[in-house]
1. Taking the condition in contact with a Gly (Cβ under 8 Å, 6 or more places away or on another chain) and touching a residue at least 12 places away in the same chain (Cβ under 8 Å), does Arg90 pass?
2. Quickly run through region 250-279 and pick out the residues that are assigned to a helix (DSSP H, G or I) and either in contact (Cβ under 8 Å) with a residue 40 or more places away in the chain or in contact with a His (Cβ under 9 Å, 6 or more places away or on another chain) (or both).
3. Condition first: modelled with pLDDT of 95 or more, assigned by TED's automatic domain parsing to the domain that holds Glu261, surrounded by 14 or more Cβ atoms within 10 Å (Cβ to Cβ) and not in a helix (DSSP H, G or I). Can you find one or more residues in region 141-149 that meet it?
4. All but one of (1) in contact (Cβ under 8 Å) with a residue 40 or more places away in the chain; (2) among the hydrophobic types (A, V, I, L, M, F, W, C); (3) in a loop (DSSP other than H, G, I, E, B) hold for Ile194; state the number of the condition that does not hold.
5. Being assigned to a loop (DSSP other than H, G, I, E, B) and among the small types (Gly, Ala, Ser) is the filter here; which residues of region 235-249 pass it?
6. Just need a number here: residues in region 94-116 that are in contact with a helix residue (DSSP H, G or I) (Cβ under 7 Å, 6 or more places away or on another chain) and either surrounded by fewer than 18 Cβ atoms within 10 Å (Cβ to Cβ) or not assigned by TED's automatic domain parsing to the domain that holds Pro157 (or both).
Amino acid sequence: MRKMTMIAMAAAALLALGCGSKDGTVEAEQQRDEDPQARAEATEKAGPEVRTAAEGPRPVALGREKLSASHILLMHDGSERKPPEITRSREEALALAGELAAKIKGGADLADLARKHSDCPSGKEKGGDLGAFPANRMAPEFSRGVMALEVGQVSDPVESPFGYHIIKRQEIDEISARHILVMHEGSKRKPPEITRTKDEARKLIGELERKIKGGADLADLAREHSDCPSGKRAGGDLGSFGRGRMAKPFEEAAWALGRGEISGIVETDFGYHIIQRLP
């Protein structure tokens, strides 16, 4: 159990987050520009607790079943955690949600409408795509709305404490990987003990790459050298993650690998990585 918890924390340490969770604008995790160490702090917010209604019968708790969806969020003046610029009424939000749902069902692209209308950060940044997530990470109303749909189907407006959602269920597209991260003094959110220069980091990751090509085990080297929390705790194992959850260069490199293959050196804002896609 401890090992699985550590793996989950390590994955959260590199993941970028989205919209729909119970602790804020519909997904507790949308700060993609954070580095691995910063994401470890975010795990507290992205935990498995489930919001339940203060009144009425207590719903069946949602589990960790994986879901994937895109959505549009329309907040109103009664929404939880709404920004001050949101002034529309609940009725106005519902009316707009209904109009947008009808447009999407009539052939309009949800991603385009999300970029124009959604009040979730995922709208502007990713066309509303939330990637894959455990059911119990989102507001229960949202996850139940996803679970009621077939893949590819679009919902009518679904209400949660954050407003009205138009949801499209997606196929889950995930891979598993491990990596080594070597940070430098210019890395985002680096811990204070990281003082090596970028050139020194590039030299070290090059040495590690040569060792791996010579037969060394990436997991063993991650435990010894990686600056990601996953290194010491899990031999660099990040667990499973979907598209849009990692820094873009990392994601592109990881998805380009076959099972068991190891990448060359990949640079992100967090430093230099060597990535192995796992079976």
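1. It is true that Arg90 is in contact with a Gly (Cβ under 8 Å, 6 or more places away or on another chain) and touching a residue at least 12 places away in the same chain (Cβ under 8 Å).
2. The initial filter retains those residues of region 250-279 that are assigned to a helix (DSSP H, G or I), namely 250-256.
Phe250, Ala253, Ala254, Trp255, listed by residue number.
3. Looking through region 141-149, none of the residues is modelled with pLDDT of 95 or more, assigned by TED's automatic domain parsing to the domain that holds Glu261, surrounded by 14 or more Cβ atoms within 10 Å (Cβ to Cβ) and not in a helix (DSSP H, G or I).
4. Only one criterion in (1) in contact (Cβ under 8 Å) with a residue 40 or more places away in the chain; (2) among the hydrophobic types (A, V, I, L, M, F, W, C); (3) in a loop (DSSP other than H, G, I, E, B) is unmet by Ile194, namely (1).
5. Correct list: Gly235, Gly236, Gly244, Ala247.
6. So the count comes out to 2.
Results for (1) in contact (Cβ under 8 Å) with a residue 24 or more places away in the chain; (2) within 17 Å of the chain's Cα centre (by Cα), shown as yes or no for each residue.
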| position | (1), (2) |
| --- | --- |
| Ala108 | no, no |
| Asp112 | no, no |
| Arg115 | no, no |
| Gly123 | yes, yes |
| Gly131 | yes, yes |
| Met138 | yes, yes |
| Phe142 | yes, yes |
| Val154 | yes, no |
| Glu174 | yes, yes |
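For every residue, the table says whether it meets (1) modelled with pLDDT of 95 or more; (2) over 30 Å from Arg223 (Cα atoms).
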residue: Leu100; (1), (2): yes, yes
residue: Lys103; (1), (2): yes, yes
residue: Gly106; (1), (2): yes, yes
residue: Pro121; (1), (2): no, yes
residue: Asp156; (1), (2): yes, yes
residue: Leu181; (1), (2): yes, no
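The values are calculated or read from the model by the stated rules, or taken from the named source; none is laboratory data. Since the model is a prediction, treat every value here as computed from it, not as a measurement. Cβ sites come from the backbone with ideal geometry, for glycine too, and all protein chains shown count toward neighbours.
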